[in-house]
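**Student:** Dumping the structure here so I can ask a few things about it.
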Amino acid sequence: MSLKDKLDELHQRGLAEIKKSTDLKDVNQVRVSLLGKKGPITEVLRGMRDLDAEERPKVGAFANEIRDDLTAALTKRREELENAVLNARLANEKIDVTLPGTPVAKGEPHVIQQIIDQIEDLFLGMGYQVLSGPEVEEDKYNFEMMNLPKNHPARDMQDTFYITKEILMRTQTSPMQARTLEKHDFSQGPLKMISPGVVYRRDTDDPTHSHQFHQVEGLVIDKHITMADLKGTLQVLAHELFGDKFDVRLRPSYFPFTEPSVEADITCFNCGGKGCNVCKNTGWIEVLGAGMVHPNVLKMAGVDPDVYGGFAFGVGPDRFAMLKYGVDDIRNFYLNDVRFLTQFTKKG
Amino acid sequence: MKISYNWIKEYLDLDVKPADLAEKIERTSVEVDDVVTPSDGLKKIVVGHVLSIEAHPDSDHLHICQVDVGEDEPLQIVCGAPNIDKGQMVIVALPGSRIADNVKIKKSKMRGIPSAGMICALQEIGFSDDVVPKDYVDGIYVLPADATPGDDVYDYLGMNDSLIDLDVTPNRGDMLSLNGTLRDLAAIYDKPVTLDQPEVKETGDAIADQLTIHTDADLAPQYRMRLVKQIKIAPSPMWLQIRLWNAGYRPINNVVDITNYIMLKYGQPLHAFDYDKFAGQEVYVRNAKAGEKLTTLDEGEHDLDDHDIVIADDKAPIALAGVMGGLSTSITDETTTVAIEAAVFEHDHIRKAAQRHNLHTDASQRFERGVNRAGVQDALDAAAEMMTDLADGAVQTGTAVGSDNVPEPAVIPLSLSHVNAVLGTDLELAKVVHILESLGFTVATAGEDMTVTVPIRRNDIHIPADLLEEIARIYGYDELPTTLPTGRMTMGTLTSAQKLMRATRHSLEGLGLNQAISYALTTADKAKMFMMQPSEETNLAWPMSVDHAVLRMNVVTGLLDDIAYNTARKVKDVALYEQGRVFYREDGNDRPSEEEHIAGAITGTLMPAGWNQPAKDVDFYQIKGIVEAYLKDMAINGDVTYEANADMPEMHPGRTADILVHGHRIGFMGQVHPTIAKKFKIGATYVFELNLQAIIDMPKQENQYDVISRYPAITRDIAMLVPDEVTNDQIVALIEKRGGAFLQSVKLFDVYDGVKVPKGKKSLAYTLTYQDKHETLVDDAVTQAFEKVEKRLQDDLGAEIR
């Protein structure tokens, strides 16, 4: 048998063995047995030295061809088998993708905080500062400098937790008006601020009353601030918090620290203004008090009311949250039932 | 105040429905609570004529009545009212009718006798008990004899009127009357209104011979009386009774009803005294004397002191001025001579008296807001006139005047440019003048400058801003333009403290805690638990309840209250944080200082259990992980350390750590003491509280870029046995100090103190990571450094390297 015939035979046998191999171990054995140092091809090549010089390169080239072909066949077979193994494993790894995901711990901001943040962000965008004041206030700032002298009848409207005769739990965030006005340097520009915070009233807690709740005070003082500016500002606020569909209307009211004083209503959430039992068939819901800052308030804080003026408003985030989400009991905000706290999570 | 739509229409020619009128008032003047038409919802309630009555055979109080209701045949109705009688005109609810509270009346049998409908009391058709005349409170109502059987009863009783309930703000005392409301409406609708002018006929002797008044004008700037003799006390005519009950007043008798009616019409509270019961002919308006007593009309007994203003005769107080009259001089059926009092008392005194005696009356409400000092005589005359008309009284000649102080009317300068500058409008002078004049103000103009004279009755108008409100509301807030402030630019940015507080909330939410907002007012006990520094309590002077009486000096107890609330509702896993203030007070200061704190509390499990993840109850290290991660977020520029603290009475002595920055204590964390947890009725709970203000004030690290080394790191593990009292902190500190230049990190990966470890020892294992940022580390260098550390651990801490 010639070397070439031997090689042919080896080639055919090798391919058959590769084809027969069923796992990676087999493939490896076949590789060693065919192409290894002690394998038949090496053997055959070793016999080449007996060939004449003319034959040698031809046979050598032929042998290399066969070896390359077998190597390629081995590689291909190995890949086939590897794929089969991988596919078998993947098939085995199939899971029920409808099982729930692994829970993660995730906390949520309080719904009132969310509303306060929203208000803050809106007014920051319009160039307002955010200021916070003391919760334990002096009678002077809470009442007197807000144009509510000691015997003012409107003090009855705000039942107060007193600590001493002159010290009290603030009943409103309005004292920040006086505190800020006293300090502001108008040569540096207008005063535009909001002041969010906790306030306290001497009330018995029930579904619509809480002895502790929140307010956001707003104040703008400059040389040319108008009531139309107040109306526009409140409209922007209503649109931000509730959506563009909501309209604002002003009604006369009375606060000692503003003149004119107004109450602002917005379109009823429940009926969109058609009239329902939530809005007592008016189509409107009262949401906040506002007005043009009373000259006495400016005067008492050392600001000349003949030069400067502006508007103030007071917003109740608790009330906003109750209206916006239909929360029927204000106490929910302060009892912190986890099932309540985790309802206001939608951020999209 | 409930104001009658029909009454308004008698004076003003308005073509608007009651609901629209109410809306207009609300938009322009004062708030409206609601609008009610009493006949709304009622059906088939008619006048019946009782033709005959006979006793029910099986009852000792029921009567069988034959009642003419305007149909061919009378109806047989069984009636149990004690005052039913033959010949009466009564209110009959026919079969198929609807009475108050939407109750339907059907034919029925009463103890075997058929009854076709019901004879009604006023309460049964919707009247409040408070307004039903005393004679009819416990029985059926008897209509006037000229009523026509079969007619609807509503018009006879004024029930087709609409009543607009005004919620009058403290500044608008003038709106607590028909006349005030009419004046405002006249301006709102721009229509003329003519109010009644009283015409009193004086037929008796001079009052000066019968009555003298001594008044301290500081207490009562206005005090007047008229005397009316030969009074015949009787029920008021129907029209007057209707006016009163529709306004919420019970008709009593002609004299008392007239005083109430005049108050409703003029806004001037009046009081009628029985003159014959005065001791003497002198009346005094003075401060009460300590020890004096007064029994008021409502039979309440009051101890008086020198803060009270009283009306007195020669012997004793006969009325609490401006609040309520006394019983001893009250009008009775036998009264023949009436002294009518019309006065204005100093509002501050009245407010305090009403509070002190807890007597808030319609009179006191009006005096507190201020009564028209220029209208006192008119109201007094109108009452006297009515007493002639309705009680045959003879008005004595003249008015006894105790005081007559009328303030000067306010004269206010106003410029058109100011009006437009504040309102943001472009109004013309004529428009502004017209609005002011329609309100009854007098306006003198010079160019664009106005001088406005305000009638005395509008005691709420003093300054230009008050006039602006009048102009704005009558012009209409809807008509104002909608703009935003313009002017110099201002920056809207949060302060670094505000940014840190927001970052705090976001950090803790990211770590799994829900934000809670708890009450800052708490019990005396809870206020002083978990104290981080010594402080006096701050107490409310008059708390509403012991639950909310003291200002908190910690935030944790509020969270424990929240956990208790959840636990009681079977919510077992609760993870909360709260950012809020605590209130520390120094002895001798009335006012506490306020410090921002941040606290957290976890009970149950933080990671919710899932089908592939078992529930793991929170423990010390979990809450410590949260605190560590949070403080890392806040990037305090300083070493944060944790030291065991066995001395906080509310905390577990073995599972509590102080949190220190640079050795300065800023908070604590750990497990709530089981006895405290039990007190709160909660399970094992882990908490932390930090002085947020301190964190805000501390210097912070800035973010900076650190080159990530391209050269491989080498790790070495070390396990050792150390005595129990050696802490992780000590070991890590030593390794870090002695680890050499290339030591990058030390990480604890195992703690074991089980059976395989000798008693008094524990086994700890750490991974040490070495890296050179500039070249590949040589193994030898690491080995050298590592061996140095091993030796130090053995020498300094008695570690046995394993």
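Coordinate-derived values only; no laboratory data. All of these numbers come straight from a predicted model, not from anything done at the bench. All Cβ positions, glycine included, derive from the backbone under ideal geometry; neighbour counts span all protein chains shown.
**Student:** If you take the alpha carbon radius of gyration of segment B:303-358 and divide it by 2.2 N^0.38 Å, what ratio comes out, to two decimals? Let's see the in-between values first.
**Tutor:** Numbers: Rg = 12.3 Å, N = 56, 2.2 N^0.38 = 10.2 Å.
For segment B:303-358, the normalised Cα radius of gyration comes out at 1.21.
**Student:** Let me ask another. Can you give me the distance in nm between label points at residue A:51 and residue A:69, each placed 7 Å from the Cα along the Cα-to-Cβ direction?
**Tutor:** Calculated label separation equals 1.5 nm.
**Student:** Let me ask something else. Let me confirm the definition first: pairs of Lys residues in segment A:105-226, 8 or more apart or on different chains, C-alpha distance under 27 Å. How many are there?
**Tutor:** 11
**Student:** Pairs of Cα atoms under 8 Å, at least six residues apart: use those to get the relative contact order of chain B, whole percent.
**Tutor:** 8
**Student:** Let me ask another. Per 5 Å bin from zero, what fraction in whole % of the C-alpha pairs of segment B:357-503 is there, up to the bin with the longest pair?
**Tutor:** Over segment B:357-503, the share of Cα pairs per 5 Å bin runs 2, 7, 12, 12, 10, 10, 10, 9, 8, 7, 5, 2, 1, 1, 1, 1, 0 percent.
**Student:** Next up: Could you list which residues have their amide H under 5 Å from that of residue B:516, counting only those 5 or more apart in sequence or on another chain, with H placed in the peptide plane?
**Tutor:** B:577, B:578, B:579
**Student:** Can you give the mean number of other chain Cβ atoms that lie within 10 Å of the Cβ atoms in peptide B:345-352? List each step's numbers first, then the result.
**Tutor:** Details: counts 0, 0, 2, 4, 1, 1, 5, 1.
Average neighbour count from other chains, rounded to a whole number: 2.
**Student:** May I ask which residue of B:316, B:95, A:264 lies farthest towards the positive end of the charge dipole of the protein assembly as shown, with charges of +1 (Lys, Arg) and -1 (Asp, Glu) on Cβ and the Cα centre as origin?
**Tutor:** Projecting each Cα onto the dipole axis, the largest value belongs to A:264.
**Student:** Beyond a 21 Å Cα-Cα separation, which of these cross-linked pairs lie in this structure: B:616/B:679; B:572/B:679; A:231/B:2; B:17/B:191; A:299/B:352; B:526/B:632?
**Tutor:** Check vs 21 Å cut-off fails for B:616/B:679; A:231/B:2; A:299/B:352; B:526/B:632.
**Student:** Can you give the local net charge around residue B:154? Use residues other than it whose beta-carbon is closer than 12 angstrom to its beta-carbon, Lys and Arg +1, Asp and Glu -1.
**Tutor:** With Lys, Arg at +1 and Asp, Glu at -1, the net is -3.
**Student:** Grab the beta carbon distance between residue B:570 and residue A:13, set R0 = 60 Å, and tell me the FRET efficiency rounded to 0.05.
**Tutor:** Efficiency, from the Cβ-Cβ distance: 0.20.
**Student:** Report the full-extension gain for the segment residue B:761 to residue B:301: residue separation times 0.36 nm, less the Cα-Cα distance, to one decimal in nm.
**Tutor:** Gain on stretching residue B:761 to residue B:301: 157.4 nm.
**Student:** Here's something else I'd like to know. Please state the relative contact order of segment B:88-155 as a whole percent: Cα pairs under 8 Å, 6+ residues apart?
**Tutor:** Values: 91 pairs, mean separation 23.9, N = 68.
Normalised by residue count, the contact order of segment B:88-155 is 35 percent.
**Student:** Find, to one decimal place in angstroms, the Kirkwood hydrodynamic radius of chain B, where the mean of 1/r is taken over every pair of different Cα atoms and then inverted.
**Tutor:** After inverting the pairwise mean of 1/r, the radius is 35.0 Å.
**Student:** Roughly how compact is segment A:111-341, stated as its Cα Rg over 2.2 N^0.38 Å to two decimals?
**Tutor:** Output field value: 1.00.
**Student:** Now, a different point. Would you list B:483, B:557, B:493 from fewest to most Cβ contacts within 10 Å?
**Tutor:** Going from sparsest to densest Cβ surroundings: B:493, B:483, B:557.
**Student:** Step through the residues of segment A:95-102 one at a time and calculate ³J(HN,Hα) from phi using the Karplus curve (6.51 cos²θ - 1.76 cosθ + 1.60, θ = phi - 60°), rounding each to whole Hz and writing x for Gly and Pro.
**Tutor:** 10, 8, 6, 8, 5, x, x, 5
**Student:** Determine the relative contact order of segment A:111-341: mean sequence separation of Cα pairs under 8 Å and six or more apart, normalised by residue count, in whole percent.
**Tutor:** It rounds to 21 percent for segment A:111-341.
**Student:** Sort B:278, B:345 so the one with the fewest other Cβ atoms within 10 Å of its own Cβ comes first.
**Tutor:** Working: B:278 20, B:345 25.
Taking fewest neighbouring Cβ atoms as first place, the list is B:278, B:345.
**Student:** Once you have the alpha carbon radius of gyration of segment B:1-108, what is it after dividing by 2.2 N^0.38 Å, with N set to its residue count?
**Tutor:** 1.54
**Student:** If you don't mind, there's one more thing I want to ask. Using alpha carbons only, how many angstrom separate the centre of segment B:435-503 from the centre of segment B:324-399?
**Tutor:** 38
**Student:** Rounded, prolate or oblate: pick one for segment A:192-277, where a ≥ b ≥ c are the square roots of the eigenvalues of its C-alpha gyration tensor, a/c under 1.5 means rounded, and failing that, prolate if a/b is larger than b/c, else oblate.
**Tutor:** Working: a/c = 1.73, a/b = 1.07, b/c = 1.61.
Oblate is the answer for segment A:192-277, as a/c is 1.5 or above yet b/c matches or exceeds a/b.
**Student:** Mind ordering B:466-473, B:226-233, A:50-57, B:10-17 by average Cβ neighbours within 10 Å, highest first?
**Tutor:** B:466-473, B:226-233, B:10-17, A:50-57
**Student:** On average over all directions, what projected area in square nanometres does segment B:496-697 have, based on the convex hull of its Cα atoms?
**Tutor:** On the way: hull surface 48.4 nm².
Averaged projected area of segment B:496-697's Cα convex hull equals 12.1 nm².
**Student:** Please work out how much length the chain gains when fully extended from residue B:797 to residue B:216, using 0.36 nm per residue of separation minus the C-alpha to C-alpha distance, in nm with one decimal.
**Tutor:** Result for the pair: 200.0 nm of gain on full extension.
**Student:** Rank by packing, highest mean first: peptides B:411-422, B:21-32, with packing defined as the count of other Cβ atoms within 10 Å averaged across residues.
**Tutor:** B:21-32, B:411-422
**Student:** Return the average number of partner chain Cβ atoms within 10 angstrom of each residue Cβ along peptide A:283-289.
**Tutor:** Counting other chains' Cβ atoms within 10 Å and averaging over A:283-289 gives 1.
**Student:** Could I ask something else about it? When the convex hull of the C-alpha atoms of segment B:59-173 is computed, what volume per residue in Å³ does it have?
**Tutor:** Considering the Cα atoms of segment B:59-173, their hull volume per residue is 137 Å³.
**Student:** Another question about this same structure. Would you mind checking the radius of gyration and Dmax of segment B:202-404 based on alpha-carbon positions, in Å?
**Tutor:** Spelled out, the Cα radius of gyration and Dmax of segment B:202-404 are 15.4, 45 Å.
**Student:** With a ≥ b ≥ c the root eigenvalues of the C-alpha gyration tensor of segment A:35-186, is it rounded (a/c under 1.5), prolate (a/b larger than b/c) or oblate?
**Tutor:** prolate
**Student:** Sticking with this one: Distance cut-off 21 Å, Cα to Cα: go down the list B:201/B:232; A:6/A:37; B:9/B:431 and report the pairs above it. Let's see the in-between values first.
**Tutor:** Numbers: B:201/B:232 17 Å; A:6/A:37 17 Å; B:9/B:431 26 Å.
Those over the limit are B:9/B:431.
**Student:** How crowded by other chains is A:16-28, given as the mean number of beta carbons from other chains within 10 Å of each beta carbon?
**Tutor:** Mean partner shielding for this stretch: 0.
**Student:** What is the P(r) of the protein assembly as shown, as percent of Cα-Cα pairs per 10 Å bin from 0?
**Tutor:** Per 10 Å bin, starting at zero, the Cα-Cα P(r) for the protein assembly as shown comes out as 2, 8, 12, 14, 14, 13, 10, 7, 5, 5, 3, 2, 2, 1, 1, 0, 0 percent.
**Student:** Report, as a whole number in µm² per second, the diffusion coefficient that Stokes-Einstein gives for segment A:3-92 at 4 °C and 1.567 mPa s using the Kirkwood radius over alpha carbon pairs.
**Tutor:** 92
**Student:** Then there's this: Taking each pair of distinct Cα atoms in segment B:192-292 once, what is the resulting Kirkwood hydrodynamic radius in Å?
**Tutor:** 16.3
**Student:** Which net charge results when you count Lys and Arg as +1 and Asp and Glu as -1 among the other residues whose beta-carbon is under 12 Å from that of residue A:131? Spell out each step's value before the answer.
**Tutor:** Values: positive: A:179, A:183, A:192; negative: A:120, A:217.
Once all neighbours under 12 Å are counted, the net charge is +1.
**Student:** Can you list residues from other chains, or at least 5 along the same chain, whose modelled amide H is less than 5 Å from the amide H of residue B:107?
**Tutor:** Amide H neighbours of residue B:107: B:96.
**Student:** Mind checking the angle between helix B:238-247 and chain B's longest principal axis? C-alpha axes, 0 to 90 degrees, to the nearest 10.
**Tutor:** With rounding to tens, the tilt is 10 degrees.
**Student:** Taking Rh as the Kirkwood radius computed over C-alpha pairs, what is the Stokes-Einstein D of segment B:714-801 at 4 °C in a medium of viscosity 1.567 mPa s, expressed in µm² per second?
**Tutor:** For the chosen part, D equals 97 µm²/s.
**Student:** For residue A:214, list long-range residues whose amide hydrogen, built 1.01 Å from N in the peptide plane, is under 5 Å from its own amide hydrogen.
**Tutor:** Amide H to amide H, under 5 Å and 5 or more residues apart or across chains, residue A:214 pairs with A:199, A:318.
**Student:** Just report the Cα centroid separation between segment A:113-156 and segment A:15-46, whole Å.
**Tutor:** 90
**Student:** So, in Å, what gap is there between the alpha-carbon centers of segment B:246-315 and segment B:618-697?
**Tutor:** After rounding, the separation between the Cα centres reads 66 Å.
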